[in-house]
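Derivation of every value follows stated rules applied to the coordinates shown; laboratory data play no part. A quick note: this is a predicted structure, and the numbers were derived from the prediction, not measured. Positions of Cβ are backbone-derived with ideal geometry, glycine not excepted, and every protein chain shown enters the neighbour counts.
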Amino acid sequence: MKHPKTYHQKELNKHGKSVIVEGPISSEELESYYFDQHLTAFRPPQKQFEAVKSIADFEEGRIIIARDQDKIVGYATYLHPDPLERWSHIKMDDLIELGAIEVSNDYRGMKVGSTILEVSMMDKQMENYIIITTEYYWHWDMKSTGLNVWEYRKIMEKMMGKGGLKPMSTDDPEIVSHPANCLLVRIGDHVPKSSIEKFDSMRFMGRKDLWI
């Protein structure tokens with residue numbers, strides 16, 4: 001199943017900074033830029049940048065970036081779920097995961113994260129996908145923000161909502177291990193009922209009789 005990637009762009013101007021949010025971006029285009037050194041949520045910046053470039057080359061891979069001139073200050077990655085995750089239990093070409101979204105501390109308060117999500121969904125091809133993301137409280141930056149787990153969860157839900165992702169129930173053990181953890185989902189307008197049913201069966205792998 002091939003869905004061409006359609007480029008979109010938005011500009012943000014705030015606090016004396018100007019940021020371009022754009023994508024999907026190819027690995028070749030990414031070579032013209034570099035990662036902000038504060039993008040450390042997942043691994044050291046250069047290693048994460050290499051991982052992001054590799055995702056851009058996947059057929060379904062989509063990279064949306066926010067950049068201040070040639071410095072990448074935020075990004076999001078979309079790709080098929082990891083083969084070891086429950087979301088790959090049934091192979092689905094029309095299921096992709098928002099695997100990572102990150103914004104440099106120096107650019108917070110500019111709505112960079114929510115704009116990245118908005119630009120992501122400007123591509124009409126996204127209507128052909130079920131898009132998921134899993135949120136775990138132990139990944140959240142509560143230390144530098146000073147927020148408690150529920151305040152952070154509320155902010156995450158609001159930001160993800162800008163991309164149309166909404167909380168959906170599941171019996172996934174990691175998600176149900178803490179009430180702040182959540183599965184967020186966006187089901188595109190063109191996703192067939194058969195794919196939604198397959199996805200529902202993965203949401204409740206331990207409760208096959210429950211469909212919601």
TODO: Determine the principal axes of the Cα atoms in the range 120-185, then give the extent along each, sorted from largest to smallest and rounded to whole angstroms.
DONE: 37, 27, 14
Task: For the range 133-148, 3J(HN,Hα) per residue [Karplus equation, 6.51 cos²θ - 1.76 cosθ + 1.60, θ = phi - 60°, Hz, x = Gly/Pro] - done: 8, 10, 10, 10, 4, 6, 8, 7, 8, 7, 5, 6, 7, x, 8, 8
Task: 5 angstrom amide H check on PHE35, placed H, neighbours 5+ away - done: ILE72
- [ ] Please turn the phi angles of the range 66-80 into ³J(HN,Hα) values with the Karplus equation 6.51 cos²θ - 1.76 cosθ + 1.60 (θ = phi - 60°), one per residue in order, whole Hz, x for glycine and proline.
- [x] 10, 9, 9, 6, 9, 9, 7, 10, x, 6, 9, 10, 10, 6, 4
TODO: Over all alpha-carbon pairs of the range 91-212, lay out the pair-distance distribution in 10 Å bins, whole %, shortest bin first.
DONE: 12, 42, 33, 12, 1
- [ ] Take the cross-link list LYS14/LYS71; LYS53/LYS154; LYS154/LYS198; LYS111/LYS143; LYS166/LYS198 and give me the ones stretching past 24 Å between alpha-carbons.
- [x] LYS53/LYS154; LYS154/LYS198
- [ ] Take the alpha carbon atoms of the range 1-73, find their center, do the same for the range 107-136, and report the distance between the two centers in whole angstrom.
- [x] 13
Open item on the list: Could you check the spin-label model distance between TYR7 and ILE155? Points 7 Å from the Cα along Cα→Cβ, value in nm.
Closed with: 3.3
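Considering only DSSP beta bridges with both partners in the chain, what is the antiparallel share in %, to the nearest 5?
Values: 32 of 37 bridges.
So the antiparallel bridges amount to about 85 percent of the total.
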TODO: Could you list the trypsin sites (Lys or Arg not before Pro) in the range 48-127 that lie in coil according to DSSP, counting only those with at most 14 other Cβ atoms within 10 Å of their Cβ?
DONE: LYS91
Open item on the list: Show me, for the range 160-168, the HN-Hα J-couplings you get by feeding each phi into the Karplus relation (A = 6.51, B = -1.76, C = 1.60, θ = phi - 60°), rounded to Hz, glycine and proline as x.
Closed with: 4, x, 5, x, x, 8, 10, x, 9
TODO: Just the Kirkwood number for the chain, please: inverse of mean 1/r across all distinct Cα pairs, in Å, one decimal.
DONE: 17.7
Task: Cross-link partners of LYS124 among aspartates and glutamates (Cα-Cα below 18 Å; sequence separation of 8 or more within a chain) - done: GLU22, GLU59, GLU60, ASP93, ASP94, GLU97, ASP189
- [ ] Collect residues whose amide H, placed 1.01 Å from N in the peptide plane, falls under 5 Å from the amide H of HIS8; neighbours closer than 5 in sequence don't count.
- [x] GLY23
Open item on the list: I want to check the label-to-label distance for HIS89 and ASP141. Put each point 7 Å from Cα in the C-beta direction and report it in nm to one decimal.
Closed with: 3.4
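Would you work out the relative contact order for the chain, in percent, from Cα pairs under 8 angstrom that are 6 or more residues apart? Could the numbers behind the result be given before it?
Working: 377 pairs, mean separation 39.0, N = 212.
Worked out over the chain, it gives 18 percent.
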